[in-house]
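Undergrad: If you scroll down you'll find the structure; I have some questions about it.
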Amino acid sequence: MTETNGKKASLKEDELIEKFLQLRKEGLSKGLTNDEISQAFKQNKPWTWKGLMSNSVFQSQMLLVLTAVVIATKFGVKDVLEGYVYDSKCLISNNPLFSEMARPLADCNICKGLTSVPVERAISTERFVEKYAYSKVPVLIKEGTSNWTAMDTFSFHFFKELYTGTKGALLSVEEECQFFPYKTEFETLAEAFNMSDERAALQEGEAPWYFGWSNCHREVAAKLRSHYQRPYFLPNDSESSTLDWIFMGGPGVGAFIHLDSVMRPSWQAQISGAKTWQLIPSPECESVCHSMNVTVNKGDIIVVDTNEWYHSTFIHPGELSITIGSEYD
């Protein structure tokens, strides 16, 4: 390398470092600190935006993201990159800082004055459309799964037999959909279904587990949807996603704080067990909005725009928690 080239490289390094410092300063201005990240994902402590910048894995992901953003900005393709990143399902999963960098600013009117998640029973389609369907206001629908055979059919062994007994089903999750290991060592759905019967039954002394996945296999989808119906309160002219989401596991922390990028509001039905959701407004709305907790019991359905509300879940002791859900527009 010539001396001139060396100087140019050094200048580019200095520019890059300066951009990193500017981005870090911008993050700190939102309340992020280096030493509070370890507390940010703990379920037993209220989560705020004062923490998201420590632990080696997180830092390495942050460096990757910042590098991409800086390069994209320099070459004038930042908007293209952000669109790709925000739509990508797998680049960096369950990373709230990454989502925070890519997402558009939230409309704080959706949560202004809201101190608890509204609860409805036997809600009509008209009322649901008027108050909740596209307002981005979350709502808990009590006893929303009436007449679903899923309530007596879905179990760990049901899903295991369905996926292992349907050609291509397990592979489709790996190649076309997503698998979320959360607090387990499993890397694939096949590995998860290969756990011992004792562990699957959450017997004392066995390692805890909680994982989720999306289904892209048509035969499996047909079988699943023969046991549940589209929620009765959804708008009559709305279209449901062809994708099913399933989350399953035992007591303790389920999903850590994150923001989704599914682009549409979604519903999740509690088939068994009980799960508490923590919903957190976007940082620009913290001065006018509140974090909220809501417990979803067996038979309940929660409707929430997970693109707008940061959220985590906690599974209550007792019956295995099984949740199924989808999106609508």
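Undergrad: Note down the magnitude of the dipole of the stretch 210-302 about its Cα centre, charges +1 on Lys and Arg C-beta and -1 on Asp and Glu C-beta and zero elsewhere, to the nearest 20 debye.
TA: Here the size comes out at about 400 debye.
Undergrad: Taking 0.36 nm per intervening residue step and subtracting the Cα-Cα distance, what contour gain separates S155 from E143 on full extension?
TA: 2.4 nm
Undergrad: Starting with the highest mean, order 128-141, 167-180, 248-261, 110-123 by the number of other Cβ atoms within 10 Å, averaged over the residues of each peptide.
TA: Going by the mean number of other Cβ atoms within 10 Å, highest first, we get 248-261, 128-141, 167-180, 110-123.
Undergrad: In nm, to one decimal, how far is the T115 label point from the R218 one, both placed 7 Å along Cα→Cβ?
TA: Roughly 5.2 nm, to one decimal.
Undergrad: Let me know the Kirkwood hydrodynamic radius for the stretch 108-327, please, with Cα pairs as the basis and the value in Å to one decimal.
TA: One decimal place: 18.0 Å for the Kirkwood radius.
Undergrad: Continuing with the same structure: Under the rule of at least 5 residues apart or a separate chain, name every residue whose amide H is placed under 5 Å from the amide H of C111.
TA: none
FYI, it's all coordinate maths here, none of it is from the lab. The structure presented is a predicted model; accordingly, all values stated were derived computationally and were not measured. Because the Cβ atoms are built from the backbone with ideal geometry, glycine has one as well, and the counts that use them run over all protein chains shown.
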